[in-house]
Amino acid sequence: MEMAGTGLEPWLDSLPWARVVGIRVDATSYQDAAARILRWARARESRYVSIATVNNVMQAHDHRDFQRIMNAADLVTPDGMPLVWALRLSGISSATRVYGPDLMRVLLDNAERFRIPVAFYGGTKDALARLVRAAARSYPGLALVYAWSPPFRNLTPVEDERVTGEIEESGAGLIFVGISTPKQERWMAAHRGRIHGALIGVGAAFDFLSGSKPQAPRWMMRSGLEWLFRLLAEPRRLGRRYLTQNPRFLALLAAQMLRRDL
């Protein structure tokens, strides 16, 4: 996909959205999201983008400070099909999915084409090394100017200042952040204004694009069954999340729809 026009189109200023169980979800598309993000990246505007799933919504429902962070994002894309269905139930019939790994591919393709410097922040050392190699194969002209796998613990203020300075000095306009929800959204919110570029929280995209973990078949993604594939692949890590959060989300969404109809 090519970047639309100059990246300064007036149509980018208007975007329908709906509140889904407390968080704003934008009815964007790959073309729209990419155009917005690339415009910010080229101008090195300090922005952050959340690629929202049911897990984001439920984390925000349970933690109001995180809800504020989600709602303060410059763009919130509907990564999971349940969020797309929620947008459609809210009256936005044209809503479509903007899946994190696919959006990352679109952005990397355009970053290579338009020579926008890119940074990777996150992943394990092994997954990050694989991602760097995969990016070099798929996008040989990509200007990858920074890549770092942070420790699982919180950085000390001194470490954080050093890393922030390194990313800023690298000149990266696109900074992909893959440290999982809610940590990545909290990190992006804390660094908006300190890092001048578009911060995109892509979660598991590092693992998928590097080949470290398998992706669900496309038919499962279209059917909203990607969660089942991931649950079967990683039952110990994801069992509690999917088997408790998904039913809670459906109940809360149903209650929201009923209140709207009363």
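Which one is surrounded by the fewest Cβ atoms within 10 Å (Cβ to Cβ) among residues in the stretch 24-42 that are without any contact (Cβ under 8 Å) to a residue 60 or more places away in the chain and not basic (Lys, Arg)?
So in the stretch 24-42, the residues without any contact (Cβ under 8 Å) to a residue 60 or more places away in the chain come out as 24, 26, 31-32, 35-36, 39.
Then drop every residue that is not not basic (Lys, Arg), which leaves 26, 31-32, 35.
Values: Asp26: 25, Gln31: 14, Asp32: 20, Ala35: 23.
If we take residues in the stretch 24-42 being without any contact (Cβ under 8 Å) to a residue 60 or more places away in the chain and not basic (Lys, Arg), then Gln31 is surrounded by the fewest Cβ atoms within 10 Å (Cβ to Cβ).
Of the residues that make up the stretch 62-73, is at least one at pLDDT 95 or above, in a loop (DSSP other than H, G, I, E, B) and more than 20 Å from Arg186 (Cβ to Cβ)?
So far as the stretch 62-73 goes, no, none of its residues is at pLDDT 95 or above, in a loop (DSSP other than H, G, I, E, B) and more than 20 Å from Arg186 (Cβ to Cβ).
Out of curiosity, is Arg19 surrounded by fewer than 20 Cβ atoms within 10 Å (Cβ to Cβ), assigned to a strand (DSSP E or B) and either among the aromatic types (Phe, Trp, Tyr) or more than 14 Å from the chain's Cα centre (by Cα) (or both)? Steps first, please.
Working: surrounded by fewer than 20 Cβ atoms within 10 Å (Cβ to Cβ): yes; assigned to a strand (DSSP E or B): yes; either among the aromatic types (Phe, Trp, Tyr) or more than 14 Å from the chain's Cα centre (by Cα) (or both): yes.
Criteria met by Arg19.
State which residue pairs qualify: first residue of a type in the set (Lys, Arg) and inside the stretch 72-98, second residue in a loop (DSSP other than H, G, I, E, B) and surrounded by 16 or more Cβ atoms within 10 Å (Cβ to Cβ) in any location, beta carbons under 6 Å apart, and separation of 6 or more residues or different chains.
Pairs that qualify, where the first residue is of a type in the set (Lys, Arg) and the partner is in a loop (DSSP other than H, G, I, E, B) and surrounded by 16 or more Cβ atoms within 10 Å (Cβ to Cβ), are Arg88/Ala95.
Can you work out which of the residues in the stretch 202-217 that are outside any helix (DSSP H, G or I) and of a type in the set (Gly, Ala, Ser) is surrounded by the most Cβ atoms within 10 Å (Cβ to Cβ)?
Initial filter on the stretch 202-217 (outside any helix (DSSP H, G or I)): 202-204, 211-217.
Of the ones still in play, those that are also of a type in the set (Gly, Ala, Ser) are 203-204, 211-212, 216.
Details: Gly203: 25, Ala204: 19, Gly211: 13, Ser212: 18, Ala216: 18.
Of everything passing the filter in the stretch 202-217, Gly203 is surrounded by the most Cβ atoms within 10 Å (Cβ to Cβ).
Out of the residues in the stretch 61-90 that are within 18 Å of Gly201 (Cβ to Cβ) and among the β-branched types (Val, Ile, Thr), state the one that is surrounded by the most Cβ atoms within 10 Å (Cβ to Cβ).
Thr77
Inspect the stretch 113-134 for any residue being within 19 Å of Gly203 (Cα to Cα), touching a residue at least 24 places away in the same chain (Cβ under 8 Å), out of contact with any Ser or Thr (no Cβ under 9 Å at 6 or more places or on another chain) and of a type in the set (A, V, I, L, M) and give the result as yes or no.
yes
List, please: which pairs have Cβ atoms under 7 Å, are six or more places apart or on different chains, and start with a residue in the stretch 169-186 that is under 19 Å from Leu107 (Cα atoms) and end with one that is assigned to a helix (DSSP H, G or I) and among the small types (Gly, Ala, Ser)?
Filtered contacts from the stretch 169-186: Gly173/Ala41; Leu174/Ala41; Leu174/Ala111; Gly178/Ala205.
Which of (1) in contact with a Phe, Trp or Tyr (Cβ under 9 Å, 6 or more places away or on another chain); (2) assigned to a helix (DSSP H, G or I); (3) closer than 25 Å to Leu128 by Cβ is the odd one out, the single condition Met220 does not satisfy?
(3)
The values are calculated or read from the model by the stated rules, or taken from the named source; none is laboratory data. Fair warning: this is a prediction, and the values are worked out from it, not measured in the lab. Note that we place each Cβ from the backbone using ideal geometry, even for glycine, and neighbour counts take in every protein chain shown.
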